[in-house]
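Here is the structure we will look at.
Please treat every number below as a calculation from the coordinates, not as lab data. This is a predicted model, so every value here is computed, not measured. All Cβ positions, even for glycine, are placed from backbone atoms using ideal geometry, and neighbour counts span all protein chains on display.
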Amino acid sequence: MQAIGNLFTWLFNDRNGVIALVLGGIVLCLVISIVMERKTKRQYFNHEKGEDDWDLFGDDEDEGEEQ
């Protein structure tokens, strides 16, 4: 029980422990996002863009057109 207490003391009270906690959280979020992205690509591999679909960053086709 003392070892767990020492671990939590190191994680939250020591500068190196806090840095390890933050970096561990970043790595965990990165791994989760990569796994979810791969599962989504496998599920929607054949999805073609339709007229009602929109793109957050815009289309290359619409750049030359003026409205």
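What the table shows:
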| read-out | value |
| --- | --- |
| Chain lengthening between D52 and V22 when straightened (0.36 nm per residue, less Cα-Cα) | 6.8 nm |
| Calculated FRET value between L30 and N6, using beta carbons and R₀ = 30 Å, to 0.05 | 0.60 |
